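What follows draws every value from the coordinates through simple rules; no lab data is involved. Given the structure is predicted, the values throughout are model-derived calculations rather than measurements. Note: ideal-geometry Cβ built from the backbone for every residue, glycine included; neighbour counts use all protein chains shown.
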Amino acid sequence: MREISPLQKERLNYQPKLAGVLANGINNVKLSLGEATASVANQDEIKALFPHVYGEPIARFSSEGTSLSNDKRNVGVILSGGQAPGGHNVIAGLFDALKAANNENKLYGFLGGPSGIVDGKYMEITDEIINKYRNTGGFDIIGSGRTKLETEEQFKKSLEVCKSLNISAIVIIGGDDSNTNACLLAEWMRANNTGISVIGCPKTIDGDLKNDQIEISFGFDTATKTYAELIGNIQRDANSAKKYWHFIKLMGRSASHVCLEVALQTQPNITLIGEEVEAKKQSLDEIVTYMANIIAARGNSGKNFGIALIPEGLIEFIPEMKTMISTLNDSLAVLEKDENYQNAAQDEKYSIITSKLDDASAKLFNSLPSTIKAQLLMDRDPHGNVQVSKIETEKLLIEMIEVKLKQMKAQGTYNGKFSSQAHFFGYEGRCAMPSNFDSDYCYSLGYNAFALIQSGLTGYLSSIKNTTKPANQWIAGGVPLTMMMNMERRHGEMKPVIKKALVELDGPVFKALEDNRTKWAINDCYIFPGSIQYFGPSSVCDITTITLQLEQEKSLVNV
């Protein structure tokens, strides 16, 4: 029996392209620094919390500037949070740069996420190990986890582990929360004169970790292409059978970038964007009415089928739902310590909860199907928020649309048929084999992270820019983590966090959807992207996302 597929065997041999000056070799890279920076908001508060790493300049690597150190170094690496395609290549790039600088350098992988550095669980990463994971999906080389690094005890234990392994730098590969933790760790390490630097790498398939210096988070490219393939297949099926409406929920809790990108790749009939719903203050009933009108218009013309895309976090963008959920979060934080509530039957819990809500929220909560009520009361995530991925928003919309269509039929404004299918695409995209773009981008991010370490920098995020151009024109450097921070309420307290990048309703990406959604709603304009291509012409294999192309003012696609 084969241990790996023929495709995986070929991918193991793929040599990722390195960004710009990095291709000249790690020992030929030089550093230049820009002006001092400031956080995106709450400057006084962020500076007070991070006095030792705040305000650092943006870093850039080129063939001119200050030469980097080639001292012998041991480095630790952590995979943090949910998986994203390309994580293994970040580690591969870090490993190759480290060994190219000095073959005596060692790389230690902390097992199971941030808890590994606290508990002293690790493995040395060698050629034999890393060569089994190059260009593959998943985080299984060392595993991941969601432990937050934020307490004095955790920092002290981490320091002891690093001292035992003679580690002088730590690379944390994660999203906004993970890199917030990286900044906290960097501040503590510098404040205590440990000599240990901390560098982050931008990971999240949600696409909400980006700014002027971070053009795209890794994994977004592969995940959206994977979802687009699946949705293209469903669109082909719908167009063939002509009898189902498919309601497809897509990952993206805090931002709708995934939903928007996939819509541009596939051109479905309905695309909901959470940020638009919030900006227009749309109620749940208004959303249902909007969708039902499109379904009715198609049904009245003999088209009893279609595709609707729904962002995972939609329910929290609806103002009335957001208000209700916020009150629920606060109430449940108290009730989780109330034995009477914990021991109550489900219906009794509903009564207790509604007694804690204002009249409008209580009315909304009671109007929801019992399955949605139960999902809203599930255990909160580590940040104290409702687990929106477990709320079947797609099924809630189907139920409410069915009621609305019956009303329209009774009024004589709808004469079609409505049959539905519900889908949720999430895990299908998190560990996919990375696209050529993510393979190259991630490898460069890891290689670049070691260049930042050699520069003696700490509290930085690895940055690769100009990514719509060929890799030899990519720009390598680093952005201070404090530059990306603001203060937000978490667990009832104001905390420093990296600010999430939401869909910009006046930006070119959303405008591309807005300009076409009326046409796509009634007509069958479906695109069938097919599977990710790894071999063949660059125009097929090395293309980036439509989002990145539009944001970088490239007009390579017609939508």
Under a point spin-label approximation (7 Å from Cα along Cα-to-Cβ), what is the Lys9-Asn192 distance to one decimal in nm?
-> 4.9 nm
If we count every other residue with Cβ under 15 angstrom of Ser69's Cβ, Lys/Arg +1 and Asp/Glu -1, where does the sum land?
-> +1
Projected-area mean, segment 309-362, by convex hull of Cα positions, square nanometres | 4.4 nm²
In degrees, nearest 10, range 0 to 90: what is the angle between the Cα axis of helix 220-241 and the longest Cα principal axis of the chain?
-> 30 degrees
May I have the extent of the alpha carbons of segment 362-426 along their three principal axes, as whole Å values ordered from largest to smallest?
-> 49, 31, 14
Kirkwood hydrodynamic radius (C-alpha pairs) into Stokes-Einstein, the chain, 20 °C and 1.002 mPa s, D in µm²/s = 86 µm²/s
Whole-Hz Karplus couplings 3J(HN,Hα) for segment 453-465, θ = phi - 60° and coefficients 6.51, -1.76, 1.60, Gly and Pro as x, run 5, 4, 7, x, 8, 8, x, 10, 10, 4, 10, 10, 10
How high is the relative contact order of segment 348-474, in percent, counting Cα pairs under 8 Å that sit 6 or more residues apart?
-> 11 percent
Can you work out D for segment 184-240 in µm² s⁻¹ from Stokes-Einstein, where Rh is the Kirkwood radius over C-alpha pairs, the temperature is 37 °C and the viscosity is 0.692 mPa s?
-> 226 µm²/s
Mind checking the full-extension length gain between His423 and Arg490? Use 0.36 nm per residue of separation minus the Cα-Cα distance, one decimal, nm.
-> 21.1 nm
Which value results when the Cα radius of gyration for segment 236-283 is divided by 2.2 N^0.38 Å?
-> 1.32
Is it possible to state the helix-based mean residue ellipticity at 222 nm for the chain, with each DSSP H run of 4+ residues giving -39500 (n - 2.57), the sum divided by total residues, to the nearest 500 deg cm²/dmol? What is it?
-> -12500 deg cm²/dmol
Of Lys72/Lys121; Lys322/Lys363; Lys280/Lys406; Lys72/Lys156; Lys249/Lys322, which sit over 21 Å apart, Cα to Cα?
-> Lys72/Lys121; Lys280/Lys406; Lys72/Lys156
Just round it to a whole percent: the fraction of Cα-Cα distances in segment 260-398 exceeding 23 Å.
-> 40 percent
Counting Lys and Arg as +1 and Asp and Glu as -1, each charge on the Cβ, what is the dipole of segment 428-559 about the Cα centre in debye, to the nearest 20?
-> 340 debye
Using only the alpha carbons of segment 510-554, determine the length spanned along each of the three principal axes and report them from longest to shortest in whole angstroms.
-> 36, 25, 11
What number, in nm² with one decimal, is the all-direction average of the projected area of the convex hull of the alpha-carbon atoms of segment 441-555?
-> 11.5 nm²
Where the only charges are on Cβ atoms (+1 Lys, Arg; -1 Asp, Glu), what is the dipole of the chain about its Cα centre, to the nearest 20 debye?
-> 1080 debye
Projected area averaged over all directions for the convex hull of the alpha carbon atoms of segment 48-140, nm², comes out at 8.4 nm²
Any idea what angle helix 284-300 forms with the longest principal axis of the chain, computed on alpha-carbon atoms, 0 to 90 degrees, nearest 10?
-> 70 degrees
Lys/Arg +1, Asp/Glu -1 at C-beta; the chain dipole; positive extreme among Thr458, Leu272, Asn304 | Asn304
The chain - percent relative contact order, Cα under 8 Å, separation 6 or more = 24 percent
So what's the gap between the Cα centers of segment 487-550 and segment 310-384, to the nearest angstrom?
-> 31 Å
The size of the Cβ-based charge dipole (Lys, Arg +1; Asp, Glu -1) of segment 225-303 about the Cα centre, to the nearest 20 debye, is 320 debye
Using Cα pairs under 8 angstrom and six or more residues apart, how large is the relative contact order of segment 280-439, in percent?
-> 31 percent
